[in-house]
Every structure is written in C-alpha cells, then in structure tokens.
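Engineer: For reference, the structure I am asking about is given below.
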Amino acid sequence: MLSQKPDDGKRSSLHGNWSSRMAFILAVTGSAVGLGNIWKFPYIAGQNGGGAFVLVYLACVIMIGMPVMMSEILIGRRGRRNPVRTMELLGREEGSSARWRWVGGLGVVGGILILSYYSVIAGWTLAYIVKSVSGVFAGASPQAVGAEFDNFVGDWRLVALTHTIFMALAVFVVARGVERGLEQAVRFMVPALLVLMLVLLGYAISSGYFGQGVAFMFTPDFSALTRDSILAALGQAFFTLSIGMGAVMAYGAYLPEETSITGASAAVVTADTSIAMLAGLAIFPLVFANGLTPGDGPGLVFNTLPLAFGQMTGGVFFSTVFFVLLSFAAWTSAIGLMEPAVAWIVEKYSKTRAQATLGVGLLIWFIGFGSVLSFNVLADTRFLAGTIFDNVDYLTSNVMLPLGGLLIVWFAGWVMCRNSTSDELGSAGSVYKLWRFSARYLAPVGIVFVLLNAIGLLD
C-alpha cells in the first residue's frame, strides 16, 4: 500500500531523491525561471515605478511567495507521493478529508494545460535560434522583422513542428527519471542559462547605455506606484515562483530529510529574482541603444529584440545566444510542469516512467494544437477571453494557479497540525512562527487580492 510508512514514521519517495540540496535548488529554480522572467518582470518594473516597484515586489515575495513555496515543499516532502496522492494521504492523517486530493488534481491538470500552450511559445524560441544562426535579422528593417514573425506564426505547420520538437525534448528528460533525467538536465541547463545571461550582460555593459538601463529598472519613482502597481507586484511575486501548480510539491517529494526547506526556499527565491533582474540589465541597454521601446512586453522578444540584434556588431552571435537562453529557460520549466502528471500515472496505474511520460507528453502535444491553430487557422475563432490560446492562458493563470496556491497555503497553515509543519520546517523558533503567521494570514489575503484582480473584480 502506498500509504504505508517505514518504521521511523517517514515515507520514502517512490521515484528516488535529489542527490543534494543544490540539485533541488537548481531544479526548482529551473522550473520557476521561464519565458516570463526574461521579459515580463523587467518591463513591468520599469513601467511601475522602477526601484519603487522592485521594493514592493521583494516585500511581496517574502510575505507571499516564500510562505507558499515553503508550504508546497513541506507538503510534498511530508507526503512523498504525487500531488494528488500526497494531498489525499495528508488530508486523512491530519484529521480532515481525503477530498483534499482535488487540490493536487487541480495542480496536475493546471500543469498539463499550461504546458499545452507554453510549449507552443517555447517552440517559437527554437525557430528563432535557427533564424538567428541563419542571419535573417542582420540589417533587417522593422517591417521585415515583423513580417518574419507574422509569416512564421501564420503557418500552422511550422508552429506545429516546433511545438512537437519542444515537447519531444521535454519528454526525453522527464522519461529518464529524477536523477538521470531531471537532475542531470538542470545541473547543465540552469548554470548554462546563467552563463548565457552574463554573456549578454557583458555586451550590454559595453553598449554605452548600461546606465540608462539601470536607471530604467531601479530608479525609485514612488509617484508611479498606484493600486494597480501594487497588485501587479503581488501577482508577479506569486506567478514568478511557479507555485500553485504542483511542480514544487512534486519536487519537494524528492527532497532529502536533512535539507532545510527554509534555506532551500530562500535560495530559490534569491536565484529566481536575481535572474529576472539580470535579464532586465542585459536587455534594456540593448533596447535603448537602438532607440526602441522598452515596454513592448511579449513583442519585445520576437519583434523588438531581433531588430536590435540585427543592427548591432556581432548581432548574429548575440541573437543566437539570447534565443538559446530562452529555450533553456522554457525547457527547465516544461519538465517541472510535466512531472506531477507523470508521477501520478506511475503511482496510480503502475506504469513505467517511460510509458507515463510518453502518454502525458502525447496528451499535452494534442491539446497544444488548440494553441497552435489560435495564431493562424483559428485566429478569428473567438469566445469568452479570445482565442483558444487566450482562454487556456486566462483559465490557468488567472483562476487555477491562484486558487491552487490559496488552497495549498490554507492546508499547510490551517489543516496541518503544528507538530507536522514544525517537524518538516525543522524549527519551532522565530522562523517557524513567521512562516506560520504568513501562511495563515498574510499569504491567503494577498492571494485573494491576486485572484480577484486577475478575474477583473477589482477593476
């Protein structure tokens, strides 16, 4: 029986453990650092008060992001099973209900749906690696760069091909297991991502516009802080850490007992935030050097930056580096999104890891065609929030993730007994008291605001 524990009262993972604290930190950091970190955090910071926004964001990370992440990790390690089974077991053991399994199920389904459209966008980064190497953007006009993007996304066969390749890459890693697949991948890709970022940063420093980029991101302008700015900081603090969708819980199930959850969470938060800020420092000097607009958001990646790279010395090299960086960031996030569903199938249906991964990968690949066609064949088919892509994005980002995060932190703070949580966090001192207060009061209130704002009830 999966619910049985060894004699010491502690369960062991059915999928193996991370070999070290560093492996876990790299895995969770890789899952958290995605496409959004590279462009979203910097431009939101710049548009909402620069350094003032950064200060609010950091406060939100500490008060909301950290407690939720710690909650998700401790639940995962306590249960040592996939998110569905973990929530079911702990619900019973804590004297509540097995129905808490639906919270784990919400995370599993959320991960599948998120990856179905995330894989499509990640596929674009693979295509842009090829375009960069080929010198497509060298000396190109704004009109040519825009046409290149429109022609690419307008051809559903090309978008489907890159979506397929990216999903195959994710399946390859996850199928190999915790140590041989997930751990080996993040040990290479996360440091490589950092190195690539530093290469771009080095060029940005030499561009002559580095100071302008620093000022754009970090000069405090408290007059620009509005209610919307604070809500944006709240939302970014929550979403940037990939919490609420079961990936962190699944990774927590493989965390050795001797590893400090508080220390590991702090390391992940620091790494995730640092990479987001490094991205801004690397990107915005290039934007300013070419007289471009820093607030383009998603367009910054596939339109504005290729134009900038096309005008600079060594642009082919740096454009290639940038899109390889984006691909690595997307890849590490993808394996985190797949893991909860794969672990559930392995445990629930006694399938091999390879069989489970292939099945989940094919399901995600198939669902992803709704997003593939949203940019071409079905671009004019709109309902509720817009295209199929828009609706899946809205449902997962605005409803499922905040709701999942709220229920997870509520479970840890109010359902689990003090002995259970203090046992996992390894302390009954001030750190534990601060976490418990945040998990019970600050984080739930903050997430409720994120949820209400995301669905438009605070407009």
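The values are calculated or read from the model by the stated rules, or taken from the named source; none is laboratory data. None of the values given here were measured: they were computed from a predicted structure. Every residue, glycine as well, gets a Cβ built from its backbone with ideal geometry; the counts of neighbours run over all protein chains shown.
Engineer: Among the residues of segment 353-381, write down those that are of a type in the set (S, T, N, Q) and farther than 22 Å from L395 by Cα.
Structural biologist: Listed by number, the residues that qualify are Q355, T357.
Engineer: Which one of L169, L234, L201, L225 is under 30 Å from A52 (Cα atoms) and modelled with pLDDT of 85 or more?
Structural biologist: Being under 30 Å from A52 (Cα atoms) and modelled with pLDDT of 85 or more holds for just one of L169, L234, L201, L225, which is L201.
Engineer: Against the definition (surrounded by 17 or more Cβ atoms within 10 Å (Cβ to Cβ), polar (S, T, N, Q), in contact (Cβ under 8 Å) with a residue 12 or more places away in the chain and part of a helix (DSSP H, G or I)), how does S223 come out, yes or no?
Structural biologist: no
Engineer: Only one of (1) in contact with a Leu (Cβ under 9 Å, 6 or more places away or on another chain); (2) in contact (Cβ under 8 Å) with a residue 60 or more places away in the chain fails for V133. Which number is that?
Structural biologist: (1)
To keep it simple, each residue is scored yes or no on (1) at pLDDT below 95; (2) under 20 Å from the mean Cα position of the chain (by Cα).
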residue	(1), (2)
K351	yes, no
I364	no, yes
F369	no, no
L395	yes, yes
A428	yes, no
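Engineer: Assess whether W100 counts as being touching a residue at least 12 places away in the same chain (Cβ under 8 Å) and under 22 Å from the mean Cα position of the chain (by Cα).
Structural biologist: No; evaluated as a whole, the condition is false for this residue.
Engineer: Could you list, in sequence order, the residues of segment 376-399 that are touching a residue at least 24 places away in the same chain (Cβ under 8 Å) and either surrounded by fewer than 21 Cβ atoms within 10 Å (Cβ to Cβ) or of a type in the set (D, E, K, R) (or both)?
Structural biologist: Within segment 376-399, N376, V377, D393, L395, S397, N398, V399 qualify.
Engineer: Filter segment 296-328 down to the residues that are within 24 Å of N48 (Cα to Cα) and among the polar types (S, T, N, Q) and list them by number.
Structural biologist: N303, T304
Engineer: Okay, next question. Looking only at segment 182-212, count how many residues are part of a helix (DSSP H, G or I) and over 20 Å from A329 (Cβ atoms).
Structural biologist: Final tally of qualifying residues: 5.
Engineer: Report the residue count in segment 326-384 for those that are among the β-branched types (V, I, T), in a helix (DSSP H, G or I) and closer than 30 Å to G79 by Cβ.
Structural biologist: Residues in segment 326-384 being among the β-branched types (V, I, T), in a helix (DSSP H, G or I) and closer than 30 Å to G79 by Cβ: 9 in total.
Engineer: List the residue pairs whose Cβ atoms are under 7 Å apart, where the first residue sits in segment 174-188 and is surrounded by fewer than 20 Cβ atoms within 10 Å (Cβ to Cβ), the second is among the small types (G, A, S), and the two are 6 or more positions apart or on different chains.
Structural biologist: As it stands, the answer is G177/G16; E179/G16; E179/S19; G181/A175; R187/A23, since those pairs meet every condition given.
Engineer: May I ask you to say which residue of L326, L286, L307, L300 is more than 15 Å from the chain's Cα centre (by Cα), on the phi < 0 side of the Ramachandran plot and modelled with pLDDT of 85 or more?
Structural biologist: Result: L307 is the single residue among L326, L286, L307, L300 that is more than 15 Å from the chain's Cα centre (by Cα), on the phi < 0 side of the Ramachandran plot and modelled with pLDDT of 85 or more.
Engineer: Name the pairs: first residue in segment 299-326 and over 10 Å from I129 (Cα atoms) and among the aromatic types (F, W, Y), second residue outside any helix (DSSP H, G or I) and at pLDDT 90 or above, Cβ to Cβ under 7 Å, at least 6 apart or on different chains?
Structural biologist: F309/F137
Engineer: Same structure, new question: Being over 18 Å from E257 (Cα atoms) and assigned to a loop (DSSP other than H, G, I, E, B) is the filter; apply it to segment 16-42 and report the residue that is modelled with the highest pLDDT.
Structural biologist: Top of the filtered list is V33.
Engineer: All but one of (1) modelled with pLDDT of 80 or more; (2) farther than 19 Å from P83 by Cβ; (3) surrounded by fewer than 23 Cβ atoms within 10 Å (Cβ to Cβ) hold for S13, so report the exception by its number.
Structural biologist: (2)
Engineer: Can you tell which of F238, F317 is at negative phi, surrounded by 24 or more Cβ atoms within 10 Å (Cβ to Cβ) and part of a helix (DSSP H, G or I)?
Structural biologist: Exactly one of F238, F317 is at negative phi, surrounded by 24 or more Cβ atoms within 10 Å (Cβ to Cβ) and part of a helix (DSSP H, G or I), namely F238.
Engineer: Closer than 29 Å to S119 by Cα and surrounded by 22 or more Cβ atoms within 10 Å (Cβ to Cβ): which single residue out of A439, A356, A412 fits that description?
Structural biologist: Going through A439, A356, A412 in turn, just one is closer than 29 Å to S119 by Cα and surrounded by 22 or more Cβ atoms within 10 Å (Cβ to Cβ): A356.
Engineer: When the residues of segment 127-142 are filtered to those that are within 17 Å of V287 (Cα to Cα) and not aliphatic (A, V, I, L, M), which remaining residue is surrounded by the fewest Cβ atoms within 10 Å (Cβ to Cβ)?
Structural biologist: G139
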